[in-house]
1. In the stretch 164-177, how many residues are under 12 Å from GLU195 (Cα atoms) and not hydroxyl-bearing (Ser, Thr, Tyr)?
2. Would you be able to say whether some residue in the stretch 65-76 is touching a Gly at 6+ places or on another chain (Cβ under 7 Å) and charged (D, E, K, R)?
Amino acid sequence: METVAETRPYLWRNYRDAVEQGYLEIGTSSAIGFPTGAGKSTTAQLKIHATLLSGRKAVFLAPTHALVDQTTRDLRVAFPRATVRGERIDEFGFSSQREDLPDLMVMTPEACLLSSHIEPERFDDVGLLIFDECHLMHDNTDGDRRAIDAMLCILGFTRVAPDADIVLLSAMLRFTDELSGWLEELTGRKSLPLENAWKPTRQLRGYVVYDAKRHAKLEKLLRAERVKKPREAFQSL
């Protein structure tokens with residue numbers, strides 16, 4: 001933590017609010033809905049520090065292979081004294097590593113789901129799961145297998161690491177109270193809803209205004225094209 005203090009001597013107000021509510025305490029999960037630019041990554045790193053200091057490991061879920069690679073690089077810089085590795089599912093559906101988990105493992109939800117099912121013993125020492133972009137677990141799946149796999153990943157993780165804390169992160173997360181309540185029910189322990197709209201930077205906002213008559217004309221043209229195209233496609237057959 002002294003290394004962290006050298007680079008981040010001050011805590012933003014949303015960090016302080018989270019810490020004062022007990023966010024860093026072992027046994028406390030959280031659903032975090034900070035907006036973009038409000039420091040979700042640093043909030044996650046503070047929880048990782050607390051977990052590593054307790055002698056346990058952490059798993060960080062990123063939804064895509066590109067984000068796994070990027071997050072792995074970022075966490076190696078943030079945790080130079082810890083072992084950090086990225087793991088993902090290849091095109092054949094197999095995990096890229098078959099070793100014991102390092103101090104901090106970055107995985108896709110699919111990789112975590114497969115690993116927790118095939119090798120549950122790998123998660124014996126894990127004390128924290130962080131799911132970035134957790135809105136992937138939306139209820140309106142529309143047949144989206146990734147949403148189903150993400151939910152199965154969380155459920156499978158709680159089975160193999162029942163004492164671990166869970167932190168869900170997303171700038172598009174709403175109803176953190178409900179999601180935090182679900183985490184409490186799932187883990188049987190305390191969970192905090194953190195939804196602070198404050199951010200340290202200004203946000204430029206603007207408006208695009210269209211003339212109502214021109215907008216109506218455009219809508220009419222679009223409706224006519226939608227009706228005409230299927231008819232033209234049928235005639236071409």
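1. Of all residues in the stretch 164-177, those under 12 Å from GLU195 (Cα atoms) come to 168-177.
Now drop any that are not not hydroxyl-bearing (Ser, Thr, Tyr), which leaves 168-169, 171-175, 177.
Count: 8.
2. Let us first name the residues in the stretch 65-76 that are touching a Gly at 6+ places or on another chain (Cβ under 7 Å), namely 68-69, 72.
Now restrict to residues that are charged (D, E, K, R): 69.
There is at least one residue in the stretch 65-76 that is touching a Gly at 6+ places or on another chain (Cβ under 7 Å) and charged (D, E, K, R).
Bear in mind these aren't lab numbers, they're just calculated from the coordinates by the rules spelled out. Computed from a predicted structure; not experimentally measured. Positions of Cβ are backbone-derived with ideal geometry, glycine not excepted, and every protein chain shown enters the neighbour counts.
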